[in-house]
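**Q** Below: one structure in C-alpha cells.
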Amino acid sequence: MSLRALYDLPAPAKLNLFLHVVGRRADGYHLLQSVFQLVDWADRLHVERRDDGRLARHDLGAPLPADDLCLRAARALQAASGTALGTDISVDKQLPAGAGMGGGSSDAATTLIALNRLWGLDWPRARLLELGLTLGADVPFFIGGHNAFVEGVGERLTPIELPAQHFAVVKPPASIATAAIFGHPLLVRNSEAVILAGLLDDDQGARRLASGYGRNDLQPPAADNCPDVAQAARWLESRFGNSRMTGSGSAVFARAGMDGSPMATIPAEAFPPGWVVRMCRSLGRHPLCGWVRD
C-alpha cells in the first residue's frame with residue numbers, strides 16, 4: 001500500500017563550529033570553509049499526499065513567507081520527477097528566523113527527503129543533493145545527513161565524526177541582512193585555506209575541531225551591525241569561557257560540556273524579553289539520514 005502521510009519529521013539546525021572566508025569567485029560568490037555540526041533543536045514537518053497535484057503549506061507556528069523554501073523544494077522535486085502527485089506540508093516552526101542556523105534550508109531538505117519517500121520516487125542521495133543545491137547553499141548539507149567539513153559555496157561536503165557535546169545557543173531578536181555582512185569593510189576575505197587532513201592528522205583532530213578551532217570571519221561585521229551579537233557573545237564568554245556566532249548570525253553559541261556531563265542551564269533573567277535561549281545536544285547524524293539510499 002502506498003504511503004499517504006508522514007508525520008513529525010525533524011528538520012534540525014546546524015552550528016558553524018568555525019567559518020572562514022578564503023576567497024571569492026569571479027561571479028562574486030564568496031568561497032568558504034566551515035565545519036557544520038547538527039544539533040537537536042529542530043522544526044517539525046508533517047507531509048500528506050495529494051492526488052490532485054496541488055502543493056500547499058500550512059503554518060502551525062510562526063507564519064512563513066508565502067513562497068518559502070518548503071514549497072520551492074516541493075515544486076522543484078515535482079517538476080524534476082514529473083510526478084502528478086502533490087502534497088500538504090504543515091510546518092511547526094521552532095527555529096528562530098535569521099539565526100544563521102540553517103532553519104529554512106533544513107526545512108527544504110526534510111521536505112525533499114520526505115516527498116522522495118511519500119511520492120515513491122526513490123531518488124538516490126546524489127540526485128537529491130544536486131536538486132538541493134539549486135535551492136540554497138546549505139540544503140545539500142542537511143540532505144547529506146552527516147556532520148561535515150564544508151567548502152566552496154557550501155556544495156563540497158566531507159563527512160566527519162565529531163565528539164558528542166552540549167551547546168548553549170542565544171538568539172537576539174534582531175536579524176542581520178547577509179548582504180550587509182558580505183559588503184562590510186570589516187569582513188576578512190582572504191583567510192588561509194585549511195587542509196582537512198591537517199586538521200585530522202591524529203586521534204585528537206576531531207576534538208580540536210569541536211573545542212574551538214578557528215573563528216567566524218562574519219562575526220566582526222555582524223557585531224558592528226548588530227550590538228546584540230556582541231552582547232550575547234560577551235555573556236556566553238563570561239559563563240562558559242567561549243562564544244562564537246554561527247553562520248551569518250545573529251545566533252551565538254558556546255560549547256557547554258561534553259556528552260555525559262550534566263546539561264548546563266541559563267537563568268531566564270540573564271537576557272531581556274524576546275531573546276531566545278536554548279541548551280542543545282549535538283547530533284551524530286541527521287535523524288532521516290537512513291531514509292535516502294546512497
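The values are calculated or read from the model by the stated rules, or taken from the named source; none is laboratory data. For clarity, every value in this text was computed on a predicted model and none was experimentally measured. Please note: Cβ atoms are built from the backbone with ideal geometry, for glycine as well, and neighbour counts cover all protein chains shown.
**Q** (1) in a loop (DSSP other than H, G, I, E, B); (2) closer than 26 Å to L64 by Cα; (3) at pLDDT 95 or above: which one isn't true of I176, the others all being true?
**A** All conditions are met except number (3).
**Q** I'd like to check something: does the stretch 189-204 contain any residue that is free of Cβ contacts under 8 Å to residues at least 24 places away in the same chain and under 21 Å from the mean Cα position of the chain (by Cα)?
**A** no
Yes/no per residue for (1) of a type in the set (V, I, T); (2) in a loop (DSSP other than H, G, I, E, B); (3) within 24 Å of R4 (Cα to Cα); (4) in contact with a Cys (Cβ under 7 Å, 6 or more places away or on another chain):
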site	(1), (2), (3), (4)
G120	no, yes, yes, no
A126	no, no, no, no
L129	no, no, no, no
G136	no, yes, no, no
P185	no, yes, no, no
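So that you can scan it fast, the table gives a plain yes or no per residue for (1) of a type outside the set (V, I, T); (2) farther than 26 Å from G249 by Cβ; (3) part of a loop (DSSP other than H, G, I, E, B):
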residue: A56; (1), (2), (3): yes, yes, no
residue: P63; (1), (2), (3): yes, no, yes
residue: D67; (1), (2), (3): yes, no, yes
residue: A73; (1), (2), (3): yes, no, no
residue: L77; (1), (2), (3): yes, yes, no
residue: D88; (1), (2), (3): yes, yes, no
residue: V91; (1), (2), (3): no, no, no
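**Q** Looking only at the stretch 63-72, which residues are exposed (fewer than 13 other Cβ atoms within 10 Å of the Cβ) and within 12 Å of D107 (Cβ to Cβ)?
**A** P65
**Q** Checking A126 against (1) under 30 Å from L236 (Cα atoms); (2) at pLDDT 95 or above; (3) not assigned by TED's automatic domain parsing to the domain that holds V229, which single condition isn't satisfied?
**A** For A126, the failing item is (1).
**Q** Would you mention how many residues in the stretch 126-163 are in contact with a Lys or Arg (Cβ under 7 Å, 6 or more places away or on another chain), under 29 Å from D27 (Cβ atoms) and surrounded by fewer than 20 Cβ atoms within 10 Å (Cβ to Cβ)?
**A** Going through the stretch 126-163 one residue at a time, the tally reaches 1.
**Q** Starting from the stretch 117-134, take each residue that is touching a residue at least 12 places away in the same chain (Cβ under 8 Å) and among the hydroxyl-bearing types (S, T, Y) and list its partners that are part of a helix (DSSP H, G or I) and buried (at least 17 other Cβ atoms within 10 Å of the Cβ), counting only C-beta distances under 8 angstrom and pairs at least six apart or across chains.
**A** Within 8 Å, the pairs are T134/A76.
**Q** Moving to a separate point now. Only one of R44, R54, R75 is more than 29 Å from I181 (Cα to Cα), surrounded by fewer than 19 Cβ atoms within 10 Å (Cβ to Cβ), within 20 Å of the chain's Cα centre (by Cα) and not assigned by TED's automatic domain parsing to the domain that holds M263. Can you tell me which?
**A** Just a single option satisfies the conditions, and that option is R44.
**Q** Pairs please, first residue from the stretch 248-268 and over 17 Å from E237 (Cα atoms), second anywhere and part of a loop (DSSP other than H, G, I, E, B), Cβ atoms under 6 Å, 6+ apart in sequence or on different chains.
**A** S248/G100; S248/L218; D259/A164
**Q** A further question on this structure: Report the residue count in the stretch 191-235 for those that are modelled with pLDDT of 90 or more and either out of contact with any helix residue (DSSP H, G or I) (no Cβ under 8 Å at 6 or more places or on another chain) or not in a helix (DSSP H, G or I) (or both).
**A** Here the count works out to 17.
**Q** Is at least one residue of the stretch 237-246 at pLDDT below 90 and either touching a helix residue (DSSP H, G or I) at 6+ places or on another chain (Cβ under 8 Å) or over 23 Å from P96 (Cβ atoms) (or both)?
**A** No, because not a single residue in the stretch 237-246 is at pLDDT below 90 and either touching a helix residue (DSSP H, G or I) at 6+ places or on another chain (Cβ under 8 Å) or over 23 Å from P96 (Cβ atoms) (or both).
Let's see how each residue does on (1) aromatic (F, W, Y); (2) in a loop (DSSP other than H, G, I, E, B); (3) in contact with a Leu (Cβ under 9 Å, 6 or more places away or on another chain); (4) in the same structural domain as L112 (by TED's automatic domain parsing):
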{"position": "N242", "(1), (2), (3), (4)": "no, yes, yes, no"}
{"position": "G247", "(1), (2), (3), (4)": "no, yes, yes, no"}
{"position": "S250", "(1), (2), (3), (4)": "no, yes, no, no"}
{"position": "G257", "(1), (2), (3), (4)": "no, no, no, no"}
{"position": "M263", "(1), (2), (3), (4)": "no, yes, no, no"}
{"position": "E269", "(1), (2), (3), (4)": "no, no, no, no"}
{"position": "P272", "(1), (2), (3), (4)": "no, yes, no, no"}
{"position": "P287", "(1), (2), (3), (4)": "no, yes, yes, no"}
{"position": "D294", "(1), (2), (3), (4)": "no, yes, no, no"}
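**Q** Of all residues in the stretch 245-267, count the ones that are in contact with a strand residue (DSSP E or B) (Cβ under 8 Å, 6 or more places away or on another chain) and surrounded by fewer than 22 Cβ atoms within 10 Å (Cβ to Cβ).
**A** Number satisfying all stated conditions: 9.
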